[in-house]
Amino acid sequence: MTTEEVTNTLRQAYVDEMETVMNYLTNSIVLDGVSAEEVKESLREDIQEELGHAEMLGERLKQLDERPPGSQEFEPRQETLQPPEDTTDVLSVINGVLDAEEDAIDTYRTLIKQAEEADDPVTEDIGVTILGDEEAHRTEFRGFKKEYKND
């Protein structure tokens with residue numbers, strides 16, 4: 001069925017999604033300025049989607065007779081997505097989102113490959129679904145970055 005490698009990647013992806021929710025929420029609250037509004041709104045919308053990803057991953061772990069990680073198993077990794085000291089530094093948040101999305105894309109590509117090798121089509125399908133969402137987020141934030149370079 002599945003492998004320890006797959007469940008370890010599912011656990012890491014779950015933790016990453018929860019960290020993303022925290023950082024997106026904080027940045028959607030603290031950013032200031034007229035130019036920040038569109039980015040803040042996008043982050044607010046993405047929070048629900050990222051939370052849905054975590055729920056899908058957690059449910060899959062449960063189906064595999066595993067347990068999603070709790071907060072004491074959490075080690076933060078999203079250094080570039082931390083709220084900026086200068087709350088008008090929207091570009092640093094955009095770059096942090098892009099870093100987080102690239103990391104997520106790599107994780108889901110790994111999960112898809114591992115699930116395929118483990119003959120676990122359900123996990124593979126979850127990985128493909130979430131990968132599509134993460135690539136869409138990356139595209140949106142690449143657009144925001146282009147706008148900031150033109151300002």
Meets criteria (more than 19 Å from the chain's Cα centre (by Cα) and closer than 16 Å to L131 by Cα) for E116:
yes
I'm trying to understand the selection: among the residues of region 1-39, which are without any contact (Cβ under 8 Å) to a residue 40 or more places away in the chain, of a type outside the set (V, I, T) and open to solvent by 20 Å² or more (accessible area, probe 1.4 Å)?
E4, N8, M22, L25, E37
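Answer yes or no: is there a residue in region 49-63 that is open to solvent by 60 Å² or more (accessible area, probe 1.4 Å) and either hydroxyl-bearing (S, T, Y) or in a loop (DSSP other than H, G, I, E, B) (or both). Step through it out loud before you land on a result.
Taking region 49-63 and keeping what is open to solvent by 60 Å² or more (accessible area, probe 1.4 Å), we get 49, 51, 55-56, 59, 62-63.
Okay, now just the ones that are also either hydroxyl-bearing (S, T, Y) or in a loop (DSSP other than H, G, I, E, B) (or both), so none.
No, every residue in region 49-63 fails to be open to solvent by 60 Å² or more (accessible area, probe 1.4 Å) and either hydroxyl-bearing (S, T, Y) or in a loop (DSSP other than H, G, I, E, B) (or both).
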Considering region 1-48 alone, what residues qualify as being of a type in the set (S, T, Y), assigned to a helix (DSSP H, G or I) and over 19 Å from E101 (Cα atoms)?
T7, S35
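Run down D99, D125, D89 and say which single residue is open to solvent by 20 Å² or more (accessible area, probe 1.4 Å), of a type outside the set (G, A, S) and out of contact with any helix residue (DSSP H, G or I) (no Cβ under 9 Å at 6 or more places or on another chain).
Working: D99 fails: out of contact with any helix residue (DSSP H, G or I) (no Cβ under 9 Å at 6 or more places or on another chain); D125 fails: out of contact with any helix residue (DSSP H, G or I) (no Cβ under 9 Å at 6 or more places or on another chain).
Of D99, D125, D89, the one residue that is open to solvent by 20 Å² or more (accessible area, probe 1.4 Å), of a type outside the set (G, A, S) and out of contact with any helix residue (DSSP H, G or I) (no Cβ under 9 Å at 6 or more places or on another chain) is D89.
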Among the residues of region 68-82, which ones are in contact (Cβ under 8 Å) with a residue 12 or more places away in the chain, surrounded by fewer than 16 Cβ atoms within 10 Å (Cβ to Cβ) and assigned to a loop (DSSP other than H, G, I, E, B)?
F74, E75, P76, R77, Q82
Note on region 45-67: residues of a type outside the set (A, V, I, L, M) and in contact (Cβ under 8 Å) with a residue 12 or more places away in the chain are D46, E49, E50, H53, G58, R60, Q63, E66
May I ask you to verify whether I94 is within 16 Å of Y14 (Cβ to Cβ) and assigned to a helix (DSSP H, G or I)?
no
Is it the case that some residue within region 2-9 is within 18 Å of F144 (Cα to Cα) and more than 16 Å from the chain's Cα centre (by Cα)?
no
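Can you give me the number of residues within region 71-87 that are under 17 Å from the mean Cα position of the chain (by Cα) and either polar (S, T, N, Q) or within 13 Å of Q12 (Cα to Cα) (or both)?
First, the residues of region 71-87 that are under 17 Å from the mean Cα position of the chain (by Cα): 71, 74-83.
Imposing the further condition that a residue be either polar (S, T, N, Q) or within 13 Å of Q12 (Cα to Cα) (or both) reduces the set to 71, 74-78, 80, 82.
The total comes to 8.
The values are calculated or read from the model by the stated rules, or taken from the named source; none is laboratory data. Because the structure is predicted, anything quoted here is derived from the model rather than measured. With ideal geometry, Cβ positions are generated from the backbone for all residues, glycine too; neighbour counts draw on all protein chains shown. Each accessible area value is taken on the protein alone, full model and side chains, heavy atoms only, with ligands, DNA and RNA left out. Shrake-Rupley method; radii C 1.70, N 1.55, O 1.52, S 1.80 Å.
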